[in-house]
1. Please list, in order along region B:8-17, the HN-Hα scalar couplings obtained from phi with the Karplus expression 6.51 cos²θ - 1.76 cosθ + 1.60 (θ = phi - 60°), rounded to whole Hz, x for Gly and Pro.
2. Highest GNM mean-square fluctuation, chain C, Cα pairs closer than 10 Å: which of C:35, C:23, C:84?
3. Rg/Rh for chain B: what does it come to with C-alpha atoms and Rh from Kirkwood?
4. Starting from the Cα gyration tensor of region C:26-94, multiply each eigenvalue by 5, take the square root, and state the resulting semi-axes largest first in whole Å.
5. Return the single residue from C:52, C:18, C:79 with maximal mean-square fluctuation; model: Gaussian network over chain C, springs between Cα atoms under 10 Å.
6. Might you work out the accessible area of residue C:61 for me, using a 1.4 Å probe with all protein chains in place, and round it to the nearest 10 Å²?
7. Lys and Arg at +1, Asp and Glu at -1: add these up for the other residues within a Cβ distance under 11 Å of residue B:75 and post the number.
8. Applying the Karplus parametrisation 6.51 cos²θ - 1.76 cosθ + 1.60 with θ = phi - 60° to the phi angles of region A:55-60, what ³J(HN,Hα) value in whole Hz is obtained for each residue in order, glycine and proline being reported as x?
Amino acid sequence: VSMRSTTAPPSERPGERRRAEMKKLYGKEAPKILAMEAAMQLTFDRNCDLKRPKFWPVIPLKL
Amino acid sequence: MQCGWPMLGPLQWIRYVNKQVTVKAGKDEVHRGWLLTVDPVSASLVLVDFKENGGASVHVVMGHAVEEVQILQEADEETADRLRTSFLPPRTCGLDP
Amino acid sequence: SIPTAAAPEADAEQLQTEQHARSVLRETFLRCLLSMSNKKVRFHMHGKVKLEATFGASDIDILNFQVSDLHTPIGVQKEALIRSQDVIWFTFDK
């Protein structure tokens, strides 16, 4: 069976790339920053799910 | 610092921390305050202005709007201390290396 | 688009110094953002537009601010997202 390029298995688990990037940027303090960011993004996502905010203004002021 | 503020990087930004600075942003607006930090992701500056009643007003200037940053003076020990503890949860005060 | 130092062996120490500086700066910034939740914030936007709102949260890329009770020049919007690109600066009382 030939493998189609579009179904090639992912070479990394989700989040792996971001973890590697964080390690490069923040070194040994990366896990702490990653944890703080995860909590903040979770709050943001949850608030957006619950409150369904709309962009204001609708069109960006600065394009 | 005249331009390219977002490109400076952490080693440059951190030299502005604990300094009183003026920041020119968005045409003719100038902000003055003690620089608490610079977000390494957005290059935004956080300026703190301590009030007489013990409170503080905080100004965050977005990195993309920064035109010029100038250092006025270095914080004395008391000001540096107030800055350092201004956003720390009380329980970790003084425990960070 | 975050600048990073090139890191051959000789620069390992420099890289660590830079990583530490970036961590300290970022952690302080995140703490500042977290302290803003439920606070009244005034935004000064491009085009001399001024907004007042109750802060909710920011995404980690600092692209959007989620706010409530946004007072705009044309009325109040109960729930809103503000693009950070539209903002010049914002202020709140600690």
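1. Karplus-based 3J(HN,Hα) across region B:8-17 equals 5, x, x, 5, 7, 4, 5, 6, 8, 5 Hz.
2. Result: C:23 has the largest fluctuation of those listed.
3. Working: Rg = 13.5 Å, Rh = 13.9 Å.
Reported Rg/Rh, Kirkwood definition of Rh: 0.97.
4. On the way: eigenvalues 72, 34, 24 Å².
For region C:26-94, the semi-axes come out at 19, 13, 11 Å.
5. Evaluated over chain C, the most mobile residue of the options is C:18.
6. Its heavy atoms expose roughly 80 Å² to the probe.
7. On the way: positive: B:19, B:82, B:84; negative: B:74, B:76, B:77, B:78, B:81.
So the surrounding residues net to -2.
8. My calculation for region A:55-60 gives 4, 10, x, 4, 9, x Hz in order.
The values are calculated or read from the model by the stated rules, or taken from the named source; none is laboratory data. What you are looking at is a predicted structure, and each value in this text was computed from that prediction instead of being measured. Note that each Cβ is placed from the backbone with ideal geometry, even for glycine, and that neighbours are counted across all protein chains shown. Accessible surface areas use protein heavy atoms only, side chains included; no ligands, DNA or RNA. Shrake-Rupley method; radii C 1.70, N 1.55, O 1.52, S 1.80 Å.
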